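**Q** Next up is a structure, given as structure tokens.
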Amino acid sequence: MSKVLVAYFSASGVTAKLAKRLAAVMNADLHEIEPEVLYTQADLDWTNKKSRSSVEMSDKSFRPAAAGKVENMEQYNVVFIAFPIWWYVAPTIVNSFLEQYDLSGKTVIPLATSGGSGMGNTGKELAPSCPGAILKEGRRFPANASEEELRAWAEKVCS
């Protein structure tokens, strides 16, 4: 039986709700990916090219520091990674999180929330951050996705 982790980054709380719902239906452990320096509303203003999120996302090599680590990551076979879509990809803090661990042989499954954007180049952008992992194609969900919808998708993608 696979041991499952749902790790999530949520700047505004929307993705947190989705991740908690997924963890509940999958009987998974939950880990919040928190930046060492929390984002302010001004940091998240995507219309301002000088905002923190805009600066981070314009440089794909930038890796904001994540606070805390998952204890005993080796116990997990499957890692769902949840995040909001920023500029058609995962925020770079997701890369920071993945790069902290040896995920070789683990299944990594992205899922995202978004106001309208699809997954874009998310898989391509995350792949170098989890070498040796089985990176599955991710999916974007509406914030209010039901437990049944999440369970059906998760069971399918995990099989």
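Every read-out reported here was derived from the displayed coordinates using simple, explicitly stated rules and does not represent laboratory data. If you're wondering where the values come from, they're calculated on a predicted model, not measured in any experiment. As a convention, Cβ positions derive from the backbone with ideal geometry for all residues, glycine included, and neighbour counts pool all protein chains shown.
**Q** With no solvent and one point on each alpha carbon, what is the Debye value of log10 I(q)/I(0) for the chain at q = 0.13, 0.14, 0.18, 0.20 Å⁻¹?
**A** -0.55, -0.64, -1.10, -1.38
**Q** Here's something else I'd like to know. Under a plain spin-label model, where a point goes 7 Å from the Cα along Cα-to-Cβ, how far apart in nm are Val55 and Ala24?
**A** Taking the two extended label points, one gets 3.9 nm.
**Q** Something else about it: From the square roots a ≥ b ≥ c of the eigenvalues of the alpha-carbon gyration tensor of the range 71-159, which class results: rounded (a/c under 1.5), prolate (a/b over b/c), or oblate?
**A** Note, shape of the range 71-159 comes out oblate.
**Q** A further question follows. Of Lys20/Lys50; Lys20/Lys60; Lys17/Lys156; Lys17/Lys60, which ones are farther than 30 Å apart at the Cα?
**A** Pairs exceeding 30 Å: Lys20/Lys50.
**Q** So if I take the centroid of the Cα atoms in the range 109-153 and the same for the range 1-46, what is the distance between those two points in Å?
**A** So the separation of the two Cα centres works out to 13 Å.
**Q** To continue, here is another question. Shape of the range 14-97 from its Cα gyration tensor (a ≥ b ≥ c, root eigenvalues): rounded if a/c is under 1.5, otherwise prolate when a/b > b/c, or oblate?
**A** In terms of gyration-tensor shape, prolate.
**Q** Given an 8 Å cut-off on Cα distances and at least 6 residues of separation, report the relative contact order of the chain as a percent.
**A** The normalised contact order for the chain reaches 24 percent.
**Q** Can you tell me the 0 to 90 degree angle between the C-alpha axis of helix 147-158 and the longest principal axis of the chain, rounded to 10?
**A** It works out to around 80 degrees.
**Q** Using a 10 Å cut-off around each Cβ, can you sort Leu38, Leu5 from fewest to most neighbouring Cβ atoms?
**A** Going from least to most buried by this count: Leu38, Leu5.
**Q** To the nearest 10 degrees, how steep is helix 14-26 against the longest Cα principal axis of the chain, on a 0 to 90 scale?
**A** 10
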